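Just below is one structure, and these are the notes that go with it.
The values are calculated or read from the model by the stated rules, or taken from the named source; none is laboratory data. Here the structure is a predicted model, which is why all the values come from computation and not from measurement. So basically every Cβ, Gly included, is an ideal-geometry build from the backbone, and we count neighbours across all protein chains shown.
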Number of protein chains: 2
Amino acid sequence: MTEPRYDVIAIGNAIVDVMAPCEESLIEELQLAKGGMSLLDADGARDLYKAMGPAKEISGGSAANTLAGLANLGAQCAFIGQVAKDQLGDVFTHDIRAAGIDFDTPARGGEPSTARCLIFVTPDGERTMNTFLGASQFLPPAALSEDAIRDAAVLYLEGYLWDPEEPRSAMRRAIEVARSAGRKVAFTASESFVIDRHGDDFRAMIDEGLIDILFVNHLELATLTGEDDFEAGVDALKDKVPTLVVTRSSDGAIAVSGAERVEVPAEPVDAVVDTTGAGDLFAAGFLSGHVKGESLQNCLTRGAVCAAEIISHYGARPEADLQALVAKRLG
Amino acid sequence: MTEPRYDVIAIGNAIVDVMAPCEESLIEELQLAKGGMSLLDADGARDLYKAMGPAKEISGGSAANTLAGLANLGAQCAFIGQVAKDQLGDVFTHDIRAAGIDFDTPARGGEPSTARCLIFVTPDGERTMNTFLGASQFLPPAALSEDAIRDAAVLYLEGYLWDPEEPRSAMRRAIEVARSAGRKVAFTASESFVIDRHGDDFRAMIDEGLIDILFVNHLELATLTGEDDFEAGVDALKDKVPTLVVTRSSDGAIAVSGAERVEVPAEPVDAVVDTTGAGDLFAAGFLSGHVKGESLQNCLTRGAVCAAEIISHYGARPEADLQALVAKRLG
């Protein structure tokens, strides 16, 4: 097997985040699911936008955020995702390419527009996401760069994108391509509601041994395994995936790989400004160590350092030099 | 004269800022005029965007930023400016309305698109602006809400918008409407290059007594008066406008009104993150005091407090509660 061109290639939603601070009372008034991610149709997005305060637009998308972290950490990355031919599509495309990530999926003409995620950030730093998936859900299997997938050490997939039909088919095909090329497949479950809808699919993929690295948070672990007890959840999954990574918000994270189990606490932060992208950047840090063959402990620490950086400012794309932060922490 | 509905109505460019940090070396490499504002055509904007790092989109426009500050300070405001029917136009419209500002200028169909300003922010916090004026320069006189202008205590005009022909005619008409209704006209010179091109116009308006409150910075003062010496510049203008406000960056600001002259130092800030909007928010603070009939000293201090807030974070729209900051400072 030749040395792959990319460290990580990811398939994910191509989203521009629309972020605004808000009081707790607005979350209640609008009956939003605080801390979660809900889907909106075009009318719902228009109505909710009206209820939002002055905002900032910052490129987002879970797997795209992870790649932005990985690229910042020096990894070679490529992204596959669907934008529309519009200004927000131009913004997403600019930002991901400017981060040094290859992105060649052709923009899609006509309606719907590029995906937007309306994110309300409360004073406690929690983010409440409301996504209009728009063009993102029409990623066709034909848009896959199969050569690029074969040429990446890791294929990283975002559970969010399992919901719409076309990208789900695209991801299934991508897994086949990666596995037959002897590459690793990493998967993030993304959100409990995705597991509610597609848990059987996810469990089948895990049982079939298609997932090499599985990222879940403690809530998704419970939903995926049906076990309310954290340790019981870990036990239910740890022998089914070569590497299991479970994040626990402010309680840090654990990873299990075969007989090895390691844990890290959350890294300290001065103030939690906005938790958007915490899991995405944890995955970035972890994978950046993994592709370098670092110890499981170091991979987790890298994840914690990157998550701490992203929650210290608005937006889910890194603003600091993550390589420098990691070097400072790991010495 | 009845109590006006608005404290301030402004006519200005309707711009979305595209902001990215950059090293000093990039400013040199791209041969940008550091600290200034340059105009771009569509091709120039596309090329420069490619050279920019990952960015954030935040609504901007000089007079619109001033109104956002004024509204944050509790003033009743209305904005007149031209966006296109596109996503960035929706963003601008959303943000200004969400700030509590009335904005009813109909969006313009077809090309060009909504104005964008590509802003490079160097590690010293200085901003280098490159503007594609797009739809903004096609604000027609017919778009003026003359009733709203008659119903505002102050008409605030942005020198930047004097450059394109249609808005210049619109502003001339707006001045006539405001003056015949007995309202005050405030004017910001905006940038030395505007004075280079339209200084004769500006001087004629000042000589004719059409401007009640004039905002300039020390560089614009020199360009407008032809006096390199600061005091000579002040002397040349102070008897021609009822209120003259001159900002001097980190050296604070002065105001002269008739026989009264007051000065304030710049307010201290922990770190200058991004100077974009410093002058705009200084004007907001000053006008917020002026419309309440506060002392010249208090008006200047309000300006300094608002300028300090805006340079402590990215973007030219206020993020803190300016009323609380002003109350804390003035007691």
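A single member of A:Gly331, A:Gly258, A:Gly285 is away from chain B (no Cβ under 14 Å) and at pLDDT below 95, and it is A:Gly331. Tell me which residues, restricted to region B:31-86, are surrounded by fewer than 24 Cβ atoms within 10 Å (Cβ to Cβ), of a type outside the set (Gly, Ala, Ser), more than 14 Å from every other protein chain (Cβ to nearest Cβ) and outside any strand (DSSP E or B). Correct list: B:Gln31, B:Leu32, B:Lys34, B:Asp41, B:Asp43, B:Gln76. Mind checking which residues of region A:182-234 are basic (Lys, Arg) and without any contact (Cβ under 8 Å) to a residue 60 or more places away in the chain? Residues satisfying the conditions are A:Lys184, A:Arg197, A:Arg203. Output yes when any residue across region B:137-147 is buried (at least 19 other Cβ atoms within 10 Å of the Cβ), within 16 Å of B:Ala78 (Cβ to Cβ), under 19 Å from the mean Cα position of the chain (by Cα) and touching a residue at least 24 places away in the same chain (Cβ under 8 Å), and no when none is. The answer is yes, given that some residue of region B:137-147 is buried (at least 19 other Cβ atoms within 10 Å of the Cβ), within 16 Å of B:Ala78 (Cβ to Cβ), under 19 Å from the mean Cα position of the chain (by Cα) and touching a residue at least 24 places away in the same chain (Cβ under 8 Å). For A:Val256, the conditions (1) in contact (Cβ under 8 Å) with a residue 24 or more places away in the chain; (2) in contact with a strand residue (DSSP E or B) (Cβ under 8 Å, 6 or more places away or on another chain); (3) of a type in the set (A, V, I, L, M, F, W, C) all hold with the exception of (1).
Table: residues versus (1) part of a strand (DSSP E or B); (2) among the small types (Gly, Ala, Ser); (3) within 16 Å of B:Val216 (Cα to Cα).
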position	(1), (2), (3)
B:Val241	no, no, yes
B:Ser250	no, yes, yes
B:Val272	no, no, no
B:Gly279	no, yes, yes
B:Gly303	no, yes, yes
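Residues in region A:179-189 that are buried (at least 21 other Cβ atoms within 10 Å of the Cβ) and more than 20 Å from A:Gly61 (Cβ to Cβ): A:Arg183 alone. So, B:Tyr160, is that one at negative phi, buried (at least 23 other Cβ atoms within 10 Å of the Cβ), touching a residue at least 12 places away in the same chain (Cβ under 8 Å) and touching an Asp or Glu at 6+ places or on another chain (Cβ under 8 Å) or not? Criteria met by B:Tyr160. Scanning region A:94-110 for residues that are farther than 9 Å from A:Ser59 by Cβ and either touching a residue at least 40 places away in the same chain (Cβ under 8 Å) or more than 8 Å from chain B (Cβ to nearest Cβ) (or both) yields A:Arg97, A:Gly100, A:Ile101, A:Asp102, A:Phe103, A:Asp104, A:Thr105, A:Pro106, A:Ala107, A:Arg108, A:Gly109, A:Gly110.
Residues in region B:306-321 that are closer than 12 Å to B:Pro265 by Cα and either within 11 Å of chain A (Cβ to nearest Cβ) or touching a Gly at 6+ places or on another chain (Cβ under 6 Å) (or both): there are none. Among the residues of region A:282-291, not a single one is more than 22 Å from A:Ala152 (Cβ to Cβ) and outside any loop (DSSP other than H, G, I, E, B). How many residues are among the polar types (S, T, N, Q) and without any contact (Cβ under 8 Å) to a residue 12 or more places away in the chain if we restrict to region B:1-53? The total comes to 3.
Just one of the listed residues (A:Thr66, A:Thr93) is among the β-branched types (Val, Ile, Thr), within 25 Å of A:Phe193 (Cα to Cα) and in contact with a strand residue (DSSP E or B) (Cβ under 7 Å, 6 or more places away or on another chain), and it is A:Thr66.
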